[in-house]
Amino acid sequence: MNLQDLNQPQQQAVKCIDRPCLVLAGAGSGKTGVITRKVAWLLRQGYAAQHICAVTFTNKAAREMRQRVTRLIDSKTTKGLKISTFHSLGQRILIHESHRLGYRRGFSIMDSRDVETCLGELAHRLEQDSDYIRQSMYQISRWKNDFVAPAAAAATADTPLLQAQARLYEEYQQHLQTCNSMDFDDLIMLPVQLFRDHAEVLNNWQDRIRYLLIDEYQDTNTSQYELVKALCGIRQKLTVVGDDDQSIYAWRGARPENLQRLQQDFAALEVIKLEQNYRSSSRILGAANQLIANNRHLYEKKLWSASAAGELIRVFPCKNADDEANRVVVDILSKRFQENTPCSQFAILYRSNFQSRNYEKALRDHSIPYQVAGGNAFFERREIKDILAYLRLLSNPDDDQALLRIINVPRREIGATSIKALATYAGSRKRSLDVAMRELGLLESINNRARIRIQGFIELIAELRQQALQDDAMDLCRALVSRIDYSDWLRETCTSVKQAEAAMENVMELISWIGNLQKERDDKSLDAVVAHLSLMSILENGEDQKPQDAVQLMTIHAAKGLEFEHIYLVGFEEDSLPHHQSQDDDGIEEERRLAYVGITRAASNLTLSYAKTRQKFGDMLQCEVSRFMYELPEADLEGAEHTLSKLSDSEKHQRGLDTFADLKALLGSAD
Ligand code: ATP
Ligand code: MG
């Protein structure tokens, strides 16, 4: 295979297969490219496709990676190749092995709302409020991401609050098991636990995955790292690529120190640095480099571009939010007109999802096609959640959250008192609701009318389960929708006929989606379809849109790894970027990395916009331009109204040196 189009260190990274390999490099230097070329290289070296596993962070990235590989190598050779996210890899392991951890077939995966409800119910008995529940949810997730089991959490909890949360964690884990359910973090933590306790199972998986490649490695958390280490075993056939300056998931437990741990845990590690950026104009790259120089660094990296300086970076100071959205959209329109660039080469990036709305409106007003990533999420829609809850309950009878969602959808007049009696009874017997519902003890404790209604519900579910044994998932879903008269229910409960019709169209879309899924997959069982849909709904926020020629709207987080000709980084303001909740030292550094990720998505044109006033909770507030604006090279900005750089260059340089020296002293030498 010809690697001539790669630069020398890229070639070295592709060819390095006899020892573990870390590619540590800045944005746009071809890291993802190394992974896809290496997959092709491994196939050519005689690795069978089913023994190669490439891991990325989103399904979108996984899909893109697969496309890139199939462009390099014919689809017959790549058949069986595993390209997945960490979570779908974990899910795949668990689908085969969860019985060893006490789970039954068809386990459910709970999304964050289910988790919140479930913790709410458990904590309710302790009379706690919603802040406490959200805080505990976050803490439990941190424990799981750090691979800390409930007993270890209890042993190390050193405040009454943490002790209470560790108890809740224990109770929550037991409850999950009763409901044959897992949360998102379990998809990583449980496989690690499984591999620790069952050496023979680990051997088996090590034999299946003989070469592992990981993109965006800087965002792995401790559990993910443990999973990687376990799967590699002594064979150590591993390539990871990452950039510590693009670590933006600290809030999900990401540990960029995992880059360093690799050096300790894999003595033979070959570290390769890529220094040429092929994506951005030199001016954009220079601005990004200058910005990120304000952060502390574990590794020294250089990044240069052979491209021309290119256009100036434009700054749009705007009167207010509407003005900002209009200015950006009119600019897109005029650029489209002048240069005939496809819409899909424009991206509007923002810090938080809610910021998309003004832009959506302005784009609609100007009839420009657009796509919002993760925004108006398909799987967040009530009708989709209802139907999925039915499917989940049919696949996993113990899925309490699913049962609670649909016990009165459509209305069955099973009252709150009966549901409470059912939940209390199930809790006291440590049974799932589905089991408890059928027990005499419960049926005797409620009145006659409630008993008849609950029995009606039991019969319906039994009938549908019977049908699930005969039909495939798509036919079952179609039969279910008609059996429960779901479209009547929508008409009864939606505010307009139009809304009900739109909701029903979404249900139809789900059904055809299931049909397509069945076509693509070998396993057509209801369990497999439900497992796939559940993970997709959590991972991508329902984002499985086919690429269209449309302006792309997304958060900076969602833009990681992507590139566009024209980037508009909007809401470039204090309290937005940096976010108002992340203003301590570590928080600011993470926000700066986010700004760095945003800026480095741009190939030829970058625009930073901000509003000077914004409406918040009915008040008009003054806004300040982001502090990061002052960290960009003033000479490269066009249209900026600010003039003062807050720190002189020598001050910035000194600050960088001091913090780097501190870190080196703390962690030992590393560069
Ligand atoms: P990020 O840090 O944003 O994830 P990355 O390091 O993964 O970026 P890629 O997305 O792989 O970088 O590549 C960035 C761009 O550079 C792509 O358009 C790719 O085609 C191009 N590129 C990479 N290597 C080369 C090369 N050797 N010659 C020409 N173009 C290249
Ligand atoms: Mg990449």
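Any read-out appearing in this document is the output of simple, stated calculations on the displayed coordinates, not a laboratory observation. The structure presented is a predicted model; accordingly, all values stated were derived computationally and were not measured. Positions of Cβ are backbone-derived with ideal geometry, glycine not excepted, and every protein chain shown enters the neighbour counts.
Per the Debye formula with a single identical scatterer at each Cα and no solvent contribution, what log10 I(q)/I(0) holds for the stretch 108-179 at q = 0.14, 0.23, 0.26, 0.27 Å⁻¹?
-0.38, -1.07, -1.36, -1.44
Determine the dipole magnitude for the stretch 108-179: charges of +1 sit on the beta-carbon of Lys and Arg, -1 on that of Asp and Glu, nothing else is charged, the reference point is the Cα centre, and the result goes in debye to the nearest 20.
Charge dipole, the stretch 108-179, about its Cα centre: 140 debye, nearest 20.
So what is the relative contact order of the stretch 108-179, in percent, for Cα pairs below 8 Å that sit 6 or more residues apart?
31
Starting from the Kirkwood radius over alpha-carbon pairs of the chain, derive D by Stokes-Einstein at 20 °C in a medium of 1.002 mPa s and give it in µm² s⁻¹.
Translational diffusion coefficient: 79 µm²/s.
Between helix 473-483 and the chain, what is the angle of the helix's C-alpha long axis to the longest principal axis, kept within 0 to 90° and rounded to the nearest 10?
60
What is the helix-to-structure angle for 585-599, meaning the angle in degrees between its Cα long axis and the longest Cα principal axis of the chain, kept from 0 to 90 and rounded to the nearest 10?
Approximately 80 degrees, to the nearest 10.
Explain nothing, just compute: Karplus ³J(HN,Hα) = 6.51 cos²θ - 1.76 cosθ + 1.60, θ = phi - 60°, for every residue of the stretch 100-105 in order, whole Hz, x for Gly and Pro.
Working through the residues one at a time gives 6, 9, x, 8, 9, 4 Hz.
Could you tell me how far the Cα centroid of the stretch 47-91 sits from the Cα centroid of the stretch 464-542, in Å?
The two parts, judged by their Cα centres, are 27 Å apart.
If packing is taken as the average number of other Cβ atoms within 10 Å across a peptide's residues, how do 428-437, 496-505 rank, most packed first?
Descending packing order for the listed peptides: 428-437, 496-505.
When the helix-only estimate is applied to the chain (DSSP H runs of n ≥ 4, each -39,500 (n - 2.57), divided by the residue count), what is the mean residue ellipticity at 222 nm, nearest 500 deg cm²/dmol?
Result for the chain, helices only: -16500 deg cm²/dmol.
Note the angle between two axes, namely the Cα long axis of helix 282-292 and the longest principal axis of the Cα atoms of the chain, as a number of degrees from 0 to 90, rounded to the nearest 10.
Tilt of helix 282-292: around 70 degrees.
With +1 on the Cβ of every Lys and Arg and -1 on the Cβ of every Asp and Glu, and nothing else charged, how large is the dipole of the chain about its Cα centre, in debye rounded to the nearest 20?
So the dipole magnitude of the chain works out to roughly 1640 debye.
For the chain, which cysteines have no second Cys with its Cβ under 4.7 Å from theirs?
Cysteines of the chain left without a disulfide-compatible partner: CYS53, CYS118, CYS179, CYS232, CYS318, CYS343, CYS477, CYS494, CYS623.
So for the stretch 379-539, averaging the separation of alpha carbon pairs under 8 Å that are six or more residues apart and normalising by length, what relative contact order in percent results?
Averaging sequence separation for qualifying contacts and normalising by length gives 27 percent for the stretch 379-539.
Once amide H atoms are placed 1.01 Å from N in the peptide plane, what residues at a sequence separation of 5 or more from SER626, or on another chain, have their amide H within under 5 Å of its amide H?
GLU573, GLU574
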